[in-house]
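What follows is one structure encoded as structure tokens, with my remarks underneath.
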Amino acid sequence: MMAKSVDYSLYLVTDSTPAILGGASLVDVVEAALEGGVTIVQYRDKSTETGVMVDTARRLHAVTKKYNVPLLINDRVDVALAVGCEGVHIGQDDIDIKTARRLLGESAIIGLTVASVEQALQGCDDGADYLGIGTIFATPTKTNTKDIIGTAGCQAILKAMAPKYSNVGTVCIGGINATNLQRVLYQSSDNSKRLDGIALVSAIIGAKDPKEAAKNLKHLVNTPPAFA
Ligand code: TZP
Ligand code: MG
């Protein structure tokens with residue numbers, strides 16, 4: 001698989017639950033986050049009927065296209081196909097990567113959630129464009145997660161990927177915010193592949209001002225701390 005030129009550095013994953021979104025409209029929040037500088041968006045929605053999901057995905061895609069940012073759909077290859085967006089993000093219990101690739105084609109961006117070295121290497125072998133590594137820290141946003149792997153777990157995966165899979169993108173997810181972002185992104189990486197980005201839900205979607213939150217996170221993403 002040829003590496004695609006995708007900027008994973010500030011990766012927004014959406015959440016439509018009122019607890020995180022408050023009363024705001026998801027499309028407006030995503031547009032504000034795009035203004036603040038998010039580089040890729042995943043529409044993740046576990047509770048909405050398919051028809052409404054397709055409609056929301058279409059409206060999100062109209063916005064992401066304005067900013068030239070890829071839109072991926074969590075779990076749902078059918079929704080991605082219906083909307084004609086740039087790809088999907090799939091988990092270990094969803095459709096397999098090879099089938100998703102067959103359905104969506106070579107140009108689609110396909111990401112996979114991984115929590116172990118074994119899952120990561122399998123995903124790379126199967127042709128994932130990028131890996132979503134996590135859960136890094138426990139988070140109220142996803143409480144049913146089995147695997148809290150910490151930065152050490154992430155580091156082990158990055159180390160196992162190098163150098164054979166240095167062309168596969170890497171982002172980490174789970175409990176990341178402005179306070180811990182640099183520690184996660186710039187963790188020591190001797191002989192390791194570097195993370196290509198940070199994926200977040202509540203630090204942007206749940207922020208009072210999602211544009212300012214994204215702007216601040218983007219600044220942190222692009223600023224190696226003194227200890228790096
Ligand atoms: N996968 C692992 S943790 C998580 C997902 C979708 C949620 C991360 O949410 P937050 O609010 O950034 O901790
Ligand atoms: Mg899934």
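Roll a 1.4 angstrom probe over the protein heavy atoms and tell me the percent of accessible area of the stretch 1-71 that is carbon or sulfur.
That share works out to 52 percent.
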From the backbone phi of the stretch 193-208, what are the Karplus-calculated ³J(HN,Hα) couplings (6.51 cos²θ - 1.76 cosθ + 1.60, θ = phi - 60°) in whole Hz, Gly and Pro given as x? 6, 7, 5, 8, x, 10, 10, 9, 10, 5, 4, 10, 5, x, 6, 4
Quick query: amide H of Glu86 versus all other amide H atoms, modeled in the peptide plane; which residues come in under 5 Å with a sequence gap of 5 or more or a different chain? Leu71
For Gly169, distant residues with modelled amide H under 5 Å away: Tyr130, Leu131
Specify, per residue and in Å³, the volume enclosed by the convex hull of the alpha carbon atoms belonging to the chain. 111
Take each of the peptides 71-78, 122-129, 93-100, average the number of other beta-carbon atoms within 10 Å over its residues, and list them starting from the highest. 71-78, 122-129, 93-100
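Hey, can you rank 194-205, 103-114 by average C-beta count inside 10 Å, highest first?
Values: 194-205: 22.7, 103-114: 19.8.
Packing proxy ranking, top to bottom: 194-205, 103-114.
Of the heavy-atom accessible surface of the stretch 103-205 (probe 1.4 angstrom), what whole percent is carbon and sulfur? Numbers along the way, then the final one.
Values: 2150 of 4300 Å².
Here carbon and sulfur together make up 50 percent of the probe-accessible area.
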Given the stretch 29-186, what count of lysine pairs have C-alpha atoms under 30 Å apart, with each pair 8 or more places apart or on different chains? 15
Under 8 Å for C-alpha pairs, at least 6 residues apart: give me the relative contact order for the stretch 71-228, rounded to a whole percent. 16
Send over the semi-axes of the stretch 1-79's equivalent ellipsoid, whole angstrom and largest first, taken as the square roots of 5 times the C-alpha gyration tensor eigenvalues. 20, 16, 11
At 1.4 Å probe size, with every protein chain present, just tell me what the per residue accessible area of the chain comes to in Å². 45
For the pair Asn222 and Asp28, the simple spin-label estimate (label points 7 Å beyond Cα toward Cβ) gives in nm 2.8
Using amide H atoms built in the peptide plane, which far-off residues or other-chain residues are under 5 Å from Asp147 H to H? Thr135
Taking the Cα-to-Cβ direction at Ser166 and at Leu103 and moving 7 Å from each Cα, how far apart do the two end points lie in nm? 3.4
Give me a comma-separated list of calculated 3J(HN,Hα) values for the stretch 43-50, in order, Karplus coefficients 6.51, -1.76, 1.60 applied at θ = phi - 60°, integers in Hz, x for any Gly or Pro. 7, 10, 8, 9, 10, 9, 5, 4
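The values are calculated or read from the model by the stated rules, or taken from the named source; none is laboratory data. For clarity, every value in this text was computed on a predicted model and none was experimentally measured. Counting neighbours? That spans all protein chains shown, and the Cβs are built from the backbone with ideal geometry, glycine included. For the accessible areas, the whole protein counts, side chains as well, though only heavy atoms, and no ligand, DNA or RNA atoms are used. Shrake-Rupley method; radii C 1.70, N 1.55, O 1.52, S 1.80 Å.
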